[in-house]
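The values are calculated or read from the model by the stated rules, or taken from the named source; none is laboratory data. Because the structure is a prediction, the values reported are computed rather than measured. Positions of Cβ are generated from backbone atoms using ideal geometry, with glycine treated the same way; all protein chains shown enter the neighbour counts.
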Amino acid sequence: MQNSNPRTISIRKYYGSLKNMEQKFDRYARKDYFKGSTAEEFDEWKKASRAELGMLLGLDKMDTDAPMLPEILERETLEGGIVREKAVIQTEQDVWMPMYVLIPPVSDAAEGSVHKRRVFIAPPGHQGAGKYSVAGFYDIPAVADAIKKFNYDYGLQLAKLGFVVFCPDCRGFGERRDEKKQGDEEENFLTSSCFHLSHMAEAIGETVIGMCTWDLMRLIDYIEWRAAQGDNIDTENISCLGFSGGGMQTLYLAALDERVKNVFISGYMYGYKDSLMILNGNCSCNYVPHLWEHFDMGDIASLIAPRQLMIQSCRDDHLNGSRGLDNVYEQMEIIKKAYALYDAQDRVVHDIHEGGHCWHDENLRDVLKGFKLV
């Protein structure tokens, strides 16, 4: 075989580690899956598993006494009457979470109603500049392209349906990029500093997804604070919707915080072996030391039971792995078995679409109606 690069040699056989790692996954992974058969046993498993998962994520390292110090930085009214606020809160000492809050106008039918307004949290995924895509900043050309590619403006879509929507920057994204990814270059603007953040975090016992989960918990605290200050919003029925990396954040938040009552995870449900070990070039925020020894993704999602849950999958999503939806179905079976323990099978929906990795809103209104949210 002729060498294509005159400055190197052509290597005919490589001695990589993947085969061995797959064998170790089969040998050591998922030792803490649910082994009982009743809802009572599952409740005990949930309690222990949440504690274990929180430790794996590094939630015990979070600064629990940092004051929130909320502030509204901007307020403007968009076409259609939606008010867009820019707010910021402190989630840990010297750690700040900026966000956009989308507040739709009150409809004539709802004017004077005593009903509180429904709330969504809409965390961002990758390649969309954080909150800017989710909140629908079409006037930024790079963001407009990302919205077109991934149907990424789901925060604004929800606001147009009448929900108050909180669109935060998660750590490493948008205005929260760390030093190596700061700047106006389009690649840096659209992507994240998760790689650098994970190097700072993991050696001290923290993780990127643990940080993001903690910040979203603090965001719920902020939503409750706003309600206590007089905002007419429903804090007893909070929903969360995220695509891709936003789906990852939604998964962990809902698994660990029962204040999230309605859960919508798009483009992030598959087995760890196929989608994060064999496809091992994914973002560093996906990886939690020792996680796979204890749980697969379906085990984590089953912690959401029996709350309302929609999982959205695309048939040709490359993140499903080489086995495609079969890899997803295996995790869905774990989830459905948990819901069956509560006789709550009608509260979990698997929404499947054709095509590749993107958010689909075509069936959203039907699911919202089924969940009694509209």
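Values as computed for the structure displayed
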{"item": "Selected residue [part of a helix (DSSP H, G or I), acidic (Asp, Glu) and under 25 Å from the mean Cα position of the chain (by Cα)] from Asp26, Asp63, Asp32, Asp43", "result": "Asp43"}
{"item": "Matching helices (runs of 4 or more DSSP H) fully within the range 90-205 where at least 3 residues are surrounded by fewer than 18 Cβ atoms within 10 Å (Cβ to Cβ)", "result": "141-150, 186-190, 194-201"}
{"item": "Exclusive hit being among the β-branched types (Val, Ile, Thr) and over 18 Å from the mean Cα position of the chain (by Cα), set Ile233, Ile238", "result": "Ile233"}
{"item": "Within the range 357-374, tally of residues that are within 17 Å of Arg118 (Cβ to Cβ) and in contact (Cβ under 8 Å) with a residue 40 or more places away in the chain", "result": "8"}
{"item": "Residue that is modelled with pLDDT under 95 and either over 30 Å from Asp316 (Cβ atoms) or polar (S, T, N, Q) (or both), where the choices are Gly112, Gly162", "result": "Gly112"}
{"item": "Count of residues meeting criterion [touching a Pro at 6+ places or on another chain (Cβ under 9 Å) and farther than 27 Å from Met62 by Cα] in the range 159-185", "result": "6"}
{"item": "Lone qualifier among Thr38, Thr8, Thr64 - being farther than 27 Å from Asp274 by Cβ, among the β-branched types (Val, Ile, Thr) and in contact (Cβ under 8 Å) with a residue 24 or more places away in the chain", "result": "Thr38"}
{"item": "Pair list, Cβ under 8 Å, 6 or more apart: the range 184-202 residue in contact (Cβ under 8 Å) with a residue 24 or more places away in the chain and within 20 Å of Tyr152 (Cβ to Cβ), other residue loosely packed, with under 15 Cβ neighbours inside 10 Å and not basic (Lys, Arg)", "result": "Phe189/Gly183"}
{"item": "Filtered residues of the range 46-59 (kept if in a helix (DSSP H, G or I) and either in contact with an Asp or Glu (Cβ under 9 Å, 6 or more places away or on another chain) or touching a residue at least 12 places away in the same chain (Cβ under 8 Å) (or both))", "result": "Lys46, Ala48, Ser49, Arg50, Glu52, Leu53, Gly54, Leu56, Leu57, Leu59"}
{"item": "Elements of type helices (runs of 4 or more DSSP H) contained in the range 222-331, each with 2 or more residues being in contact (Cβ under 8 Å) with a residue 12 or more places away in the chain, charged (D, E, K, R) and farther than 19 Å from Asp351 by Cα", "result": "none"}
{"item": "Residues being more than 20 Å from Glu40 (Cβ to Cβ), without any contact (Cβ under 8 Å) to a residue 40 or more places away in the chain and in contact with a helix residue (DSSP H, G or I) (Cβ under 7 Å, 6 or more places away or on another chain) - total across the range 334-349", "result": "0"}
{"item": "Boolean, Arg226 is surrounded by fewer than 24 Cβ atoms within 10 Å (Cβ to Cβ) and either under 13 Å from the mean Cα position of the chain (by Cα) or within 22 Å of Asp94 (Cα to Cα) (or both)", "result": "yes"}
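Residues are listed down the side, and each one gets a yes or a no for (1) buried (at least 19 other Cβ atoms within 10 Å of the Cβ); (2) not small (Gly, Ala, Ser):
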residue	(1), (2)
Glu293	no, yes
Asp296	yes, yes
Ser302	yes, no
Cys314	yes, yes
His318	no, yes
Ile335	yes, yes
Ala344	no, no
